[in-house]
Amino acid sequence: MSLQAQFDDTIRRDHRIEPRDWMPEGYRKTLIRQIAQHAHSEIIGMQPEGEWITRAPSLRRKAILLAKVQDEAGHGLYLYSAAETLGADRADLTERLIGGRQKYSSIFNYPTPSFADVGVIGWFVDGAAICNQVPLCRSSYGPYARAMVRICKEESFHQRQGYELLLTMMRGTEAQRSMVQDAVDRWWWPSLMMFGPPDTDSPNTAQSMAWRIKRHTNDELRQRFVDMTVPQAEFLGVTLPDPELRWSAERGCHDFGTPDWAELRRVIDGDGPCNAERIARRRDAHEGGAWVREAASAHAAKRAAQAER
Ligand code: FAQ
């Protein structure tokens with residue numbers, strides 16, 4: 001059997017492709033693109049909430065938020081490792097991110113002016129991440145699929161902490177309730193955009209589905225997220241800012257309005273409210289950490305030389 005035929009057979013039988021297996025160049029490139037974008041999203045995604053660590057309203061909230069943001073760093077490192085199994089170089093991926101040559105999720109380019117944003121990020125953004133990532137646990141590339149299993153468990157904890165935070169605020173004062181509603185109004189549409197452009201305008205979906213890297217289309221997952229979130233919003237007592245949102249008995253799911261796709265394009269292309277700030281901060285952190293990388297390399301070289309003696 002040719003290498004291509006073996007690869008096709010593995011995909012057809014829903015088995016996993018492993019790092020040492022032969023794979024088409026396009027498959028490798030698509031995975032590096034998606035996994036790197038995913039890793040960058042986790043790392044940049046630490047910033048919007050990270051801004052609240054020093055201002056969290058209690059020690060308990062601070063400890064929870066610190067743990068969540070640390071988890072995100074862990075997810076990023078896990079994902080960079082998965083990209084390395086495909087031959088990507090981590091330092092090069094970071095250079096591409098801070099040079100604006102690789103993308104990260106549009107959602108992290110929006111500001112977090114109130115503490116309710118921390119709750120809404122957990123509820124919406126981690127909720128959307130779970131919808132998108134649970135199917136990726138069955139992705140055809142072994143190291144990516146296995147990384148997703150652990151990441152999804154942690155995202156699920158993140159989602160619950162966000163929802164619990166919002167439940168607490170909704171039981172509080174009128175001012176707290178309106179902070180929650182305001183955050184919901186600002187994050188709803190950008191959260192729907194996390195799933196990517198509509199299927200009619202998604203150049204990568206067909207091939208990624210054929211390779212079983214993606215298991216569902218962008219629109220299918222967006223629909224799943226809306227259906228999951230509507231009853232949670234009702235229970236919480238907030239209004240989702242979409243006048244077209246209603247149950248469709250005919251389709252057996254919710255109808256909803258159309259996100260502003262021009263806004264998604266602008267944010268992806270670097271012109272969102274916080275793109276410049278996020279990248280500048282990442283660049284500063286990278287440059288500020290250069291001495292740590294140099295010291296670690298010098299130490300490793302010394303240990304290796306000692307071991308050779
Ligand atoms: N933002 O053809 P498609 C998280 C790009 S992790 C920016 O549909 P594809 C955890 C896309 O890359 C969130 N760019 O592409 C957390 C492509 O670029 P190209 C990240 C976007 O890959 C929570 C082009 O547009 N999750 O939240 C976006 O088939 C809380 C055309 O699009 C993942 O990365 C976007 N929203 O589908 C952390 C999950 N949408 O070809 C902190 C894995 C599309 O020009 C706090 N990724 N693009 O280079 C995926 O599932 C897929 O890559 C999609 C896009 C669904 C994101």
Task: Candidates L93, L86, L77 - the one that is open to solvent by less than 20 Å² (accessible area, probe 1.4 Å) and over 14 Å from S140 (Cα atoms) - done: L93
TODO: Working only within the range 31-45, note down all residues that are out of contact with any Ser or Thr (no Cβ under 6 Å at 6 or more places or on another chain) and among the polar types (S, T, N, Q).
DONE: Q34, Q37
Open item on the list: Can you find, within the range 46-69, the residue that is most open to solvent (accessible area, probe 1.4 Å) among those that are touching a Ser or Thr at 6+ places or on another chain (Cβ under 9 Å) and closer than 18 Å to Y163 by Cβ?
Closed with: W52
TODO: Return only the number of the condition from (1) closer than 22 Å to L136 by Cβ; (2) modelled with pLDDT under 95 that M1 does not satisfy.
DONE: (1)
TODO: Only residues that are open to solvent by less than 100 Å² (accessible area, probe 1.4 Å), among the hydrophobic types (A, V, I, L, M, F, W, C) and free of Cβ contacts under 8 Å to residues at least 60 places away in the same chain: list them for the range 257-298, please.
DONE: A262, A276, A280, A285, A290, V292, A295, A296, A298
- [ ] Return the residue satisfying two criteria in turn: it lies in the range 215-247 and is of a type in the set (K, R) and open to solvent by 40 Å² or more (accessible area, probe 1.4 Å), and of such residues it is farthest from the ligand (Cβ to nearest atom).
- [x] R246
TODO: Name the one entry in Q6, Q34 that is assigned to a helix (DSSP H, G or I), polar (S, T, N, Q), within 9 Å of the ligand (Cβ to nearest atom) and out of contact with any strand residue (DSSP E or B) (no Cβ under 6 Å at 6 or more places or on another chain).
DONE: Q34
Open item on the list: Out of T85, T94, I need the residue that is more than 16 Å from the ligand (Cβ to nearest atom) and within 21 Å of Q133 (Cα to Cα). Which one?
Closed with: T85
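The values are calculated or read from the model by the stated rules, or taken from the named source; none is laboratory data. Note that the structure is predicted; figures quoted are calculated from it, not measured. Positions of Cβ are backbone-derived with ideal geometry, glycine not excepted, and every protein chain shown enters the neighbour counts. To get the accessible areas, we keep the full protein, side chains included, count just its heavy atoms, and leave off ligands, DNA and RNA. Shrake-Rupley method; radii C 1.70, N 1.55, O 1.52, S 1.80 Å.
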